[in-house]
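Each remark here refers to the structure printed beneath this line.
The values are calculated or read from the model by the stated rules, or taken from the named source; none is laboratory data. Just so it is clear, the model here is predicted, and its values are computed rather than measured. Please note: Cβ atoms are built from the backbone with ideal geometry, for glycine as well, and neighbour counts cover all protein chains shown.
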Amino acid sequence: MDSSATPPAAAARGATARAARAAALRVAEGPAQLYRPPAPWPVGPQRALLRALLSGERDLITLLPGAAYRSLTAPLGVSRRGIFLVSDPADIRDVLVGRSALFPKNDLMVGALEPLVGHGVFVADGADWERQRRMIDPAFGHMHIHRAFGKMAEAVSGGEAMLDAASAAGHPVPLEQTMSRITADIVFRTIFSQDLAGETAHRVFDAFARFQKTVANVELRRLLWSRPFARIPQPRPALAAAGEIRALLADMIATHRAAGRSGDIAADLIAARDPETGTGFTDTELVDQIGVFFLAGHETTASVLTWCFFILGEQPEAVARMRAEIEAVTYGGPVEFAHVKRLGFVRSVFREALRLYPPITFYARVAREASRIGPCAVPRGAMILVSPWVIHRHERLWRDADRFDPDRFSAEREGEIPAGAYLPFGMGPRICSGAAFATVESILILARLTRRYDIRALEPGTVRPVARLTTRPACEIACRVARLA
Ligand code: HEM
C-alpha cells in the first residue's frame, strides 16, 4: 500500500489506527487448531510484486501486500489513473450505497463484459439500470425460487450420475469443471426449461468457457497503464466467443417464444413489463439479460462450491456434522425446499466459504468526478476497488481472519460478524439479484453431494486461489470421489 498520498490530518488517525491494529492482532490470535485454507501469505509490497511476476499470473490476489489486510482506505500502488482500495466499512457504504451514483461500475469492467451482456442489468447505469432492475427482480422472488427448486434438484441428479460413474470407475474428478456443469445445468433448466445435454446449451457452455479464458477484465497491465474512460479493444477470441453465445441465446429465446413455454425465467422475462411505462424488453435486451444471468449466475456459484468441497475434503469433522444435520432434518428422505432453511450448519459452511473465497473478488467502480473517500483525495477517473476478498480477511475486522470457522455464523456467535464487513453478494442498490436463488441451490448441492460422497483433493498442497472473472483455483483440482453405501 502506498501511504505517500495520505494527508497530514490523517497522521494522528494513523497512530490511533496502529494502536487499534495491535489490539486487533491480539484478538486475532485464535485457537491454533483452526484450518487455514490456501491463500497467499502476507508479505511486503516488493515481495508481493515479485511473487505475482514469478507466478506468471495476471492476478491481483497474489499481488496484494500484507498491509492491504490491515489498512483501511488507501491508494494502491502507482498507476496512471490512480487506484484506491476502499476497506473501511464506513467508506464502503459511502461508495456502494450513499454516493453510488458518483461511483458507477468501472469502465474497464464494463468494456470487458459488454460484448457478452450488452447493456444488461449487470453493467447498465442510471435510469436504464433502474428500469431493468424493476423488471427482473420479480423473477427471483421467493415463489419463483420455490418453483425452480424441482429443476435444481433434477440438475443435481445429473451431477450425481456423473459422480457415481467416476466413483465406480475410480477415475479422478475435476472439481471445478464438475461444479460448473451442475450450476450451468441449473441455469439452463431454470431459464429455458432445457438441460445442458441439449446441443445448443452445450455450445453456449463451451463458448462461455472460451470467453472466460480470453476476456481481459480488470487485470494488472490494464490497471497500471490504462487511461480512464478509454475504450480498450478486447482480444478477438473473447469477442468471437461472446458473439457466438449471443447468437445461440437469441435462437433459444426465439424457440422458447415460439413454443409458448411458461413457468421458467425466460417466460418471466418475456412477460415482464415496466410498471411505470408498461413496455417490455426488446429481443436484444432479452439476450442481454439472459447473458447476465448466465455470466453472473453459474460461474459465481460454481466458484464457491468448488471451494466448499475442497475445504470439506480437508475437514472431515465438518463433513460429519453436516451429514448428521442432513439426516436429522430430512429423516433420511430427499432434500426438499422446506429443509433448506433448517440446514443451519450447511448454511454456515456455505457462508464461511463465501467469506474466505468471495466469488467476485473485487467490485470495481470509477470516480465520475473528483471527490474524497475517507482520508483520500480521489481524482476523476480513478479506479475504486472494494474487495470482499480483502475485507473478509481483514485483520482489524475479523478474529482468525484466514481460518475456516463456520461456527462464526452460528446463531450463538451472531455478534461476531463485523457490521458492514461481510458482503459476498455486494451492497446497496447493485446488490446481487440472485442471492437467494444462489443460496438455495448451493445448500441443495452441498447437502446432496456431502451425504452421498467422500470428496478429497488428490494434491491439496498444490491448490492456490487466483482472481479471474471469479475467485478460482489457479489449476483444476483433481479429486477422488467415493460413493458411500
Ligand atoms: C454464490 C453466487 C453468487 C454470488 C457470490 C454473486 C455475487 C454478486 C455480486 C457481488 C454482485 C454485485 C457486483 C457489484 O456490485 O459490482 C452481483 C450482481 C448480480 N448478480 Fe449475483 N452472485 C451470485 C449468483 C447469482 C445468480 C445465481 C444470479 C442469477 C441467476 C445472479 C444475478 C446477478 C445479477 C443480475 C446482478 C446484477 C445486479 C445489478 O447490477 O443490479 N447472481 N452478484
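Scanning region 257-293 for residues that are without any contact (Cβ under 8 Å) to a residue 60 or more places away in the chain and closer than 20 Å to residue 148 by Cα gives 257, 259, 260, 262, 267, 270, 271, 286. Residue count for region 275-289, restricted to those that are of a type in the set (A, V, I, L, M) and either part of a loop (DSSP other than H, G, I, E, B) or exposed (fewer than 10 other Cβ atoms within 10 Å of the Cβ) (or both): 0.
Residues being in contact (Cβ under 8 Å) with a residue 12 or more places away in the chain and within 20 Å of the chain's Cα centre (by Cα): count how many of those fall in region 116-129. Matching residues across region 116-129 total 6.
Name, by its number, the condition in (1) within 16 Å of the ligand (Cβ to nearest atom); (2) over 28 Å from residue 145 (Cα atoms); (3) modelled with pLDDT of 95 or more; (4) buried (at least 21 other Cβ atoms within 10 Å of the Cβ) that does not hold for residue 368. Every listed condition holds for residue 368 apart from (4). Any residue at all in region 244-256 that's in contact (Cβ under 8 Å) with a residue 40 or more places away in the chain, crowded, with 20+ Cβ neighbours inside 10 Å and not in a helix (DSSP H, G or I)? The answer is no, given that none of the residues of region 244-256 is in contact (Cβ under 8 Å) with a residue 40 or more places away in the chain, crowded, with 20+ Cβ neighbours inside 10 Å and not in a helix (DSSP H, G or I). Residue 232 passes every criterion in (1) aliphatic (A, V, I, L, M); (2) modelled with pLDDT under 95; (3) in a helix (DSSP H, G or I) apart from (3). State whether one or more residues within region 98-106 are within 13 Å of the ligand (Cβ to nearest atom), within 24 Å of residue 302 (Cβ to Cβ) and outside any helix (DSSP H, G or I). Yes; the residues of region 98-106 include at least one that is within 13 Å of the ligand (Cβ to nearest atom), within 24 Å of residue 302 (Cβ to Cβ) and outside any helix (DSSP H, G or I). Within region 84-105, restricting attention to residues that are surrounded by fewer than 21 Cβ atoms within 10 Å (Cβ to Cβ) and more than 23 Å from residue 126 (Cα to Cα), the residue that is farthest from the chain's Cα centre (by Cα) is 90.
Selection over region 44-73 of residues that are over 26 Å from residue 216 (Cβ atoms), under 25 Å from the mean Cα position of the chain (by Cα) and not charged (D, E, K, R) gives a count of 6. For region 130-181, give me each residue that is free of Cβ contacts under 8 Å to residues at least 40 places away in the same chain and over 27 Å from residue 309 (Cβ atoms). Within region 130-181, 130, 141, 143 qualify. Cβ-Cβ distances below 7 Å connect the following pairs, each with a first residue in region 361-386 that is free of Cβ contacts under 8 Å to residues at least 40 places away in the same chain, a second residue that is part of a strand (DSSP E or B) and away from the ligand (no atom under 16 Å from the Cβ), and a separation of six or more residues or different chains: 370/378; 372/378. Taking region 60-84 as the range and being hydroxyl-bearing (Ser, Thr, Tyr) and at pLDDT below 90 as the test, the residues that pass are 62, 79. Scanning region 349-368 for residues that are of a type in the set (A, V, I, L, M, F, W, C), closer than 27 Å to residue 411 by Cα and assigned to a loop (DSSP other than H, G, I, E, B) yields a single hit, 360.
Give the residue, chosen from 446, 469, 397, 423, that is closer than 30 Å to residue 169 by Cβ, outside any strand (DSSP E or B) and touching a residue at least 40 places away in the same chain (Cβ under 8 Å). Answer to the check: 446.
For region 379-394, the criterion of a residue being in a loop (DSSP other than H, G, I, E, B) and of a type in the set (A, V, I, L, M) is satisfied by at least one position.
Restricting the first member to region 64-75 and to residues that are more than 14 Å from residue 362 (Cα to Cα), and the second to residues that are hydrophobic (A, V, I, L, M, F, W, C) and part of a helix (DSSP H, G or I), the beta-carbon pairs closer than 6 Å and six or more apart or on different chains are 65/48. Of all the criteria given as (1) closer than 27 Å to residue 239 by Cβ; (2) polar (S, T, N, Q); (3) at pLDDT 90 or above; (4) touching a helix residue (DSSP H, G or I) at 6+ places or on another chain (Cβ under 7 Å), the one not satisfied by residue 87 is (1).
Yes or no, residue by residue, for (1) of a type outside the set (Lys, Arg); (2) modelled with pLDDT of 75 or more:
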| position | (1), (2) |
| --- | --- |
| 23 | yes, no |
| 33 | yes, yes |
| 47 | no, yes |
| 58 | no, no |
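You will find that of 387, 442, the residue that is buried (at least 18 other Cβ atoms within 10 Å of the Cβ), farther than 30 Å from residue 101 by Cβ and small (Gly, Ala, Ser) is 442 and no other. Of the residues making up region 323-373, those that are of a type in the set (Ser, Thr, Tyr), closer than 25 Å to residue 392 by Cα and touching a Leu at 6+ places or on another chain (Cβ under 9 Å) are 361, 363. With the requirement that a residue be touching a Ser or Thr at 6+ places or on another chain (Cβ under 8 Å), under 15 Å from residue 201 (Cβ atoms) and of a type outside the set (D, E, K, R), what does region 230-255 give you? Once the filter is applied, which keeps residues that are touching a Ser or Thr at 6+ places or on another chain (Cβ under 8 Å), under 15 Å from residue 201 (Cβ atoms) and of a type outside the set (D, E, K, R), region 230-255 yields 248, 252.
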